[in-house]
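The values are calculated or read from the model by the stated rules, or taken from the named source; none is laboratory data. In this text, all values refer to a predicted model and were calculated from it rather than measured experimentally. Note that each Cβ is placed from the backbone with ideal geometry, even for glycine, and that neighbours are counted across all protein chains shown.
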Amino acid sequence: MTVTTPTYCDRCGDELGPSPESTHEACRRSRELEPPRYCPQCKRRLVVQVVPNGWKAHCSAHGPVT
């Protein structure tokens, strides 16, 4: 299994970067309660299923997202 560094925010889909305006602090707070919406590798919308014990997400290009 290969581990890659995320390029995109998994909540809003914007590019992650080193600049102060791209900290995505609001996204991090929201992600404590919400499932991801975008693939962190390719920015595609994820297929998300909310289940009683959490969520399941799947990218059409990269497979399951954990």
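For segment 35-66, how many residues meet the condition of being assigned to a loop (DSSP other than H, G, I, E, B) and surrounded by fewer than 14 Cβ atoms within 10 Å (Cβ to Cβ)?
Qualifying residue count, segment 35-66: 6.
Pull out all pairs, ordered by first then second residue, where Cβ-Cβ is under 7 Å, the residues are six or more apart or on different chains, the first lies in segment 30-49 and is at positive phi, and the second is at pLDDT below 95 and of a type in the set (Gly, Ala, Ser).
Correct list of pairs: LYS43/GLY13.
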